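Following: one structure in structure tokens, then a few remarks.
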Amino acid sequence: MASSQKVALVTGAAQGIGAAVARVLAADSMIAAVDLQEGKVAALAAELRERGARAAAFAANVGDSAAVERVVETVERELGPIGILVNVAGVLRTGPVVSFSDEDWAATFAVNTHGVFHMSRAVARRMVPRRSGVIVTVGSNAAGTPRMQMAAYAASKAASTMFTKCLGLELAQYNIRCNVVSPGSTDTAMQRALWADENGAQAVIAGSPETFKVGIPLRRIATPEDVAEAVSFLVSERARHITLHDLYVDGGATLGV
């Protein structure tokens, strides 16, 4: 499938931030939407095509190294060379460390950390000979700020953040940029699952002294589109001299740390 558009592979594209990233990047790129939820990611690709964009859906578990290799090979064969990779796929399992299960810990790292490694390695192997490409990992502001009952999530995001920076250092010589976008509380299904009731957004904005969590200075919850626009900037030529950077999109919730 010949096209002058860059191919942008977006993981976790079935919903939330991943879907928003795919929609924003579809204005200038051909989208390879990847997600384990086959039906939802197919619907997202169909939506993009109805809007006149070029998009295809691919079902894959990013925690499975062999599956990642297969899907990346298929994308390059069917759509063309991958010029942009955005790692969005993520899971959240919460609970106190003392009662956290081995299964929950392993499942969190399988997607949030191993998935970023598998996908970035597979795509970078193909970008290096072409001496061109951009990789963005969607992390979390929890990677740099402790959160109660979120140790696995925070640790997995911290690992993927540092991995992406190390990758960027190795790939800079090949003109490949690697950056991180770290959202705070964002209005997604994952975020809403943490809310006790319909006033959950206001509770997040106000903060929670008993759990040592400050509120959001901008007094609003982020939308997935807020995060997607930050990704769009970092993959564009406007950010051509930016690499190894971690851009927080959290309304000041971590006080600029």
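We did not get these values from a lab; they are worked out from the coordinates using the rules stated. Not measured: the values here are computed from a predicted model. Cβ coordinates were reconstructed from backbone atoms using ideal geometry, including for glycine residues, and neighbour counts include every protein chain displayed.
For the range 38-81, the alpha-carbon radius of gyration amounts to 1.24 times the rule-of-thumb value 2.2 N^0.38 Å expected for a compact globular protein.
The Rg/Rh ratio of the range 44-165, with both radii computed over alpha carbons and Rh defined as the Kirkwood radius, is 1.03. Working from label points 7 Å from Cα in the Cα-to-Cβ sense, the residue 255 to residue 170 distance is 3.6 nm. Name the residues of the range 14-30 whose amide N is less than 14 Å from a point 7 angstrom out from the Cα of residue 192 along the C-beta direction? Taking a point 7 Å out along Cα→Cβ of residue 192, the residues of the range 14-30 whose backbone N falls under 14 Å are 15-17.
So what is the relative contact order of the chain, in percent, for Cα pairs below 8 Å that sit 6 or more residues apart?
Values: 525 pairs, mean separation 46.9, N = 257.
It comes to 18 percent, rounded to a whole number.
Looking at the chain alone, DSSP beta bridges between its own residues are antiparallel in about 5 percent of cases. Between residue 201 and residue 147, the simple spin-label model (points 7 angstrom out along Cα→Cβ) gives 1.8 nm. Restricting the calculation to alpha carbons of the chain gives Rg and Dmax of 17.6, 56 angstrom. Potential lengthening of the chain between residue 245 and residue 98 amounts to 49.6 nm, from the contour at 0.36 nm per residue minus the alpha-carbon distance.
Listed by chain and number, the lysines whose alpha-carbon sits under 26 Å from that of residue 213, ignoring those within fewer than 8 places in the same chain, are 157. Using only Cα positions of the range 135-191, each an equal point scatterer, no hydration layer, compute I(q)/I(0) via Debye at q = 0.15, 0.20 Å⁻¹ and quote the log10 values to two decimals. Evaluating at q = 0.15, 0.20 Å⁻¹ gives log10 I(q)/I(0) of -0.47, -0.72. For the pair residue 229 and residue 27, how long in nm is the line joining their label points, each one 7 Å along Cα→Cβ? The answer from the label model is 1.0 nm. Which FRET efficiency value, to the nearest 0.05, is calculated for residue 237 and residue 107 with the Förster distance at 35 angstrom and r the Cβ-Cβ distance? It comes to 0.40. Quick note on the range 160-229: its Rg to Rh ratio, both from C-alpha atoms and Rh being the Kirkwood radius, is 1.14.
Working note: Debye formula, equal point scatterers on the alpha-carbon atoms of the range 119-241, no solvent; log10 I(q)/I(0) at q = 0.09 Å⁻¹ is -0.32.
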